[in-house]
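Each remark here refers to the structure printed beneath this line.
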Amino acid sequence: MRGNIYVVGMGPGKEGMMTGDALAVLDGADLIVGYPVYLDQLGERFAKKEKYSTGMRQEKERCLYCIERAKEGKKVALVCSGDAGVYGMASLMLELSEEENDIEISVIPGITAALSGAALLGAPLSHDFCVISLSDLLTPAEGIERRLRAAAEGDFVIVLYNPQSRNRSGYMKRAADILMGSILGDRPCAYVKNIGREGEEAHICTLSELGDADIDMFTTVFIGNSKTRIIKDKLVTPRGMV
Ligand code: SAH
């Protein structure tokens with residue numbers, strides 16, 4: 001029997017920011033699997049669907065459960081916040097199903113935090129940008145620091161995911177200090193919290209202010225390039241470099 005697994009990006013948090021394809025796949029799924037917070041966010045529309053969740057750090061178990069159920073011939077939707085391919089579960093799902101011949105895996109894109117956050121701020125990503133995760137759970141700290149330095153050196157707009165959490169405090173300050181090795185402290189920056197969810201906030205600040213800002217794991221951080229400026233309370237990176 002051939003089963004299907006759809007790895008679905010839910011966007012930042014509310015139904016209106018999910019794509020039509022994502023909603024259609026969830027409507028047609030036999031069961032929806034995900035981290036409990038994301039399943040809760042799905043709300044009324046999917047209240048009657050069979051659901052399965054495992055806690056944080058149990059990503060592998062979640063994927064293996066999807067494979068098991070798909071092998072029964074079920075249509076399984078595995079949900080992730082934002083886009084499933086951006087620090088999400090799509091790669092793990094593909095890796096773990098490498099030897100499986102009876103299931104088809106489809107990745108359904110979603111709006112990643114860099115894009116939903118940028119829209120709230122104005123237009124900070126209108127020129128070359130890069131995305132760096134500050135989480136050293138799966139990546140050695142030296143590698144992250146090397147990328148921060150290279151991004152600053154390359155004059156990219158930089159978007160930081162997983163900036164810090166209760167267990168990883170001080171990471172934002174350390175990253176800001178590294179960036180200030182080649183960027184002046186008055187560089188326009190911003191951080192956006194709880195995009196598309198209760199408690200949504202957007203703040204514009206400078207690079208030197210970022211280290212002490214109220215930043216947690218539900219925050220995405222933006223560092224402008226050398227041309228980024230503030231226009232009527234919006235963060236704007238011009239499309240040209242002249
Ligand atoms: N797959 C997700 C990213 C997962 S990594 C995506 O594409 O958006 C988790 C990090 O993403 C968080 O630490 C935060 O930096 C960012 N993030 C995800 N959802 C967010 C939201 N609703 N508001 C602000 N930041 C968010």
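The values are calculated or read from the model by the stated rules, or taken from the named source; none is laboratory data. Treat the numbers as computed from the prediction; the structure is a model and nothing was measured. We place every Cβ from the backbone using ideal geometry, glycine too, and count neighbours over all the protein chains shown.
Where helices (runs of 4 or more DSSP H) sit wholly within the stretch 36-105, those with at least 2 residues that are outside the structural domain of Thr219 (by TED's automatic domain parsing) and under 25 Å from Gly117 (Cα atoms) occupy 36-41, 90-96. Within the stretch 111-120, the set of residues being near the ligand (Cβ under 9 Å from one of its atoms), part of a helix (DSSP H, G or I) and in contact (Cβ under 8 Å) with a residue 24 or more places away in the chain comprises Ala113, Ala114, Ser116, Gly117. Listed here are the strands (runs of 3 or more DSSP E) enclosed by the stretch 151-242 that have at least 1 residues being within 16 Å of the ligand (Cβ to nearest atom): 157-161, 188-193, 201-206, 219-223, 234-236.
Residue-wise test of (1) more than 12 Å from the ligand (Cβ to nearest atom); (2) of a type in the set (Phe, Trp, Tyr); (3) more than 30 Å from Thr220 (Cβ to Cβ).
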| position | (1), (2), (3) |
| --- | --- |
| Ser53 | yes, no, no |
| Arg62 | yes, no, no |
| Cys66 | yes, no, no |
| Arg69 | yes, no, yes |
| Lys74 | yes, no, yes |
| Val79 | no, no, no |
| Gly82 | no, no, no |
| Val86 | no, no, no |
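Before we move on, is Pro140 exposed (fewer than 15 other Cβ atoms within 10 Å of the Cβ), within 29 Å of Gly85 (Cβ to Cβ) and assigned by TED's automatic domain parsing to the domain that holds Ser126? Yes: the conditions hold for Pro140.
Looking only at residues of the stretch 190-235 that are more than 19 Å from Ala113 (Cβ to Cβ) and either of a type in the set (D, E, K, R) or outside the structural domain of Asn162 (by TED's automatic domain parsing) (or both), we find that the one that is surrounded by the most Cβ atoms within 10 Å (Cβ to Cβ) is Lys227. Only a single criterion out of (1) under 23 Å from Arg239 (Cα atoms); (2) in contact with a His (Cβ under 9 Å, 6 or more places away or on another chain) is not satisfied by Lys193, namely (1). Report, by residue number, each residue of the stretch 212-224 that is of a type outside the set (Asp, Glu) and either within 26 Å of Met56 (Cβ to Cβ) or more than 21 Å from the chain's Cα centre (by Cα) (or both). Hits for the stretch 212-224 are Ala213, Ile215, Met217, Phe218, Thr219, Thr220, Val221, Phe222.
When you check Ile108 against the structure, is it of a type outside the set (Lys, Arg), crowded, with 22+ Cβ neighbours inside 10 Å and more than 9 Å from the ligand (Cβ to nearest atom), yes or no? Answer is yes for this residue. Among the residues of the stretch 125-150, those identified as closer than 29 Å to Pro238 by Cα, within 16 Å of the ligand (Cβ to nearest atom) and among the aliphatic types (A, V, I, L, M) are Leu125, Val131, Ile132, Leu134, Ile144, Leu148.
Determine if the stretch 166-189 includes at least one residue that is among the aliphatic types (A, V, I, L, M) and loosely packed, with under 14 Cβ neighbours inside 10 Å. Among the residues of the stretch 166-189, at least one is among the aliphatic types (A, V, I, L, M) and loosely packed, with under 14 Cβ neighbours inside 10 Å, which makes the answer yes.
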